[in-house]
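Participant: One structure is given below, represented as structure tokens, and several questions about it will come after.
We did not get these values from a lab; they are worked out from the coordinates using the rules stated. No experiment lies behind these values; they were computed from the predicted model shown. Positions of Cβ are backbone-derived with ideal geometry, glycine not excepted, and every protein chain shown enters the neighbour counts.
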């Protein structure tokens, strides 16, 4: 009898925990003038002219529930009143490399937020799997935004850069809640990335993807959209941004995924720019295209 009660209690706790996925646990206003990145955007302790628009935005540090993990993230919200479309931003990198911070969001998404969008981003769980169970960390944000008063939860977009683009492809495979998405300099075939960058395979894939060497073929296929492009949500649309001088992800990958999307008549667009992995010298053009895409489709 005691064993039955114990099992029932465990199942109740488990079900309750999963019911809380995406639950906003904490939200604190960030004073960007007190962050280590303030000097990048200011002079004489005031915002530089081209960053004055940041005065119109509020930045928040958040924590939320994702399966059994407590995950950290950041939101940007317009100070104006209203109901605004939401864009989930998926960062690149892994673990402490390219960690999400205020400066990341300012460079990639603050201009979008200024144009009356809410941006929400995750740093992924500590036990990340590079596109494994940590996919939930971004998918559950569609629940988290229900607790943000200014969020219009009927209009959700997604924007992923580098590894974050891979996560975005996975989101479009697993969810119909994303109305439109943008990926930038993102891998579509991890087998070819592993060949091109053996160091990445040894130090990232093998370290973060569970049982990588035993299940390499299965795990890389799971994370490579070229093997399941026909499973992307037909209710969404996609903009692919490519830097032709990107040494981290060769632009041939974009031609390959573009060809596949063309064959299945997916609603997408490919744009190429003569720049590198971080879009050096093309940030203004990047902002223009990102804002235009989400304004038209959200």
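Participant: Using helices alone, I'd like the mean residue ellipticity at 222 nm for the chain: each DSSP H run of four-plus residues gives -39500 (n - 2.57), total over residue count, nearest 500.
Facilitator: Numbers: 11 runs with 96 residues, N = 298.
Value at 222 nm, helices only, nearest 500: -9000 deg cm²/dmol.
Participant: Taking other Cβ within 10 Å of each residue's Cβ, how do 228, 213 sort, fewest first? Before the final figure, lay out each step's value.
Facilitator: Details: 228 14, 213 10.
Exposure proxy ranking, most exposed first: 213, 228.
Participant: Answer rounded, prolate or oblate for region 23-81, using the Cα gyration tensor with square roots of eigenvalues a ≥ b ≥ c: rounded when a/c is under 1.5, else prolate when a/b is larger than b/c, else oblate. Can you show the working numbers first?
Facilitator: Values: a/c = 3.67, a/b = 2.07, b/c = 1.77.
Cα axes put region 23-81 in the prolate bin.
Participant: Run a plain Debye calculation on region 33-187 (Cα atoms as equal point scatterers, no solvent) and give log10 I(q)/I(0) at q = 0.19 Å⁻¹, rounded to two decimals, same order as the q list.
Facilitator: The Cα Debye sum returns log10 ratios of -1.19.
Participant: Per-residue counts of other Cβ atoms within 10 Å, averaged by peptide: what ranking do you get for 145-155, 128-138, 181-191, highest first?
Facilitator: Ranking the peptides 145-155, 128-138, 181-191 by packing returns 181-191, 128-138, 145-155.
Participant: Given a 10 angstrom Cα cut-off, can you work out which residue in 50, 211, 94 is the most mobile in a GNM of the chain?
Facilitator: 50
Participant: What percent of all Cα-Cα pairs in region 115-193 falls into each 5 Å bin, going from 0 up to the bin containing the maximum distance?
Facilitator: Per 5 Å bin, starting at 0, the Cα pair percentages come out as 3, 14, 26, 25, 18, 9, 3, 1, 0.
Participant: Quantify how much of the Cα-Cα distance distribution of region 174-269 extends past 24 Å, in percent. It would help to have the intermediate numbers written out before the result.
Facilitator: On the way: 1187 of 4560 pairs.
I get 26 percent for the Cα pairs in region 174-269 exceeding 24 Å.
Participant: Related question: Separation of region 212-228 and region 18-79 by C-alpha centroid, Å?
Facilitator: That distance is 34 Å.
Participant: Counting DSSP beta bridges in the chain, what percent are antiparallel, to the nearest 5? Intermediate results must be reported in sequence, preceding the final value.
Facilitator: Numbers: 23 of 49 bridges.
If we restrict to bridges inside the chain, about 45 percent are antiparallel.
Participant: Taking springs between alpha-carbon atoms closer than 10 angstrom, which of 40, 115, 269 fluctuates most in the Gaussian network model of the chain?
Facilitator: Maximum fluctuation in the GNM of the chain, among the listed residues, is at 40.
Participant: What is the Cα centroid distance between region 85-138 and region 163-192, reported in whole angstrom?
Facilitator: 13 Å
Participant: Could you check which residue among 250, 210, 36 shows the biggest mean-square fluctuation in a GNM of the chain with a 10 Å Cα cutoff?
Facilitator: Highest fluctuation of the listed residues: 36.
Participant: Can I ask one more? Tell me, what is the percent relative contact order of region 2-297, built from C-alpha pairs under 8 Å that lie six or more residues apart? Write down the numbers at each step before the final one.
Facilitator: Working: 518 pairs, mean separation 43.1, N = 296.
Over region 2-297, the number comes to 15 percent.
Participant: Based on Cα positions only, what radius of gyration and what Dmax would you give for region 2-297, in angstroms?
Facilitator: Just the Cα atoms of region 2-297 yield Rg and Dmax of 19.4, 68 Å.
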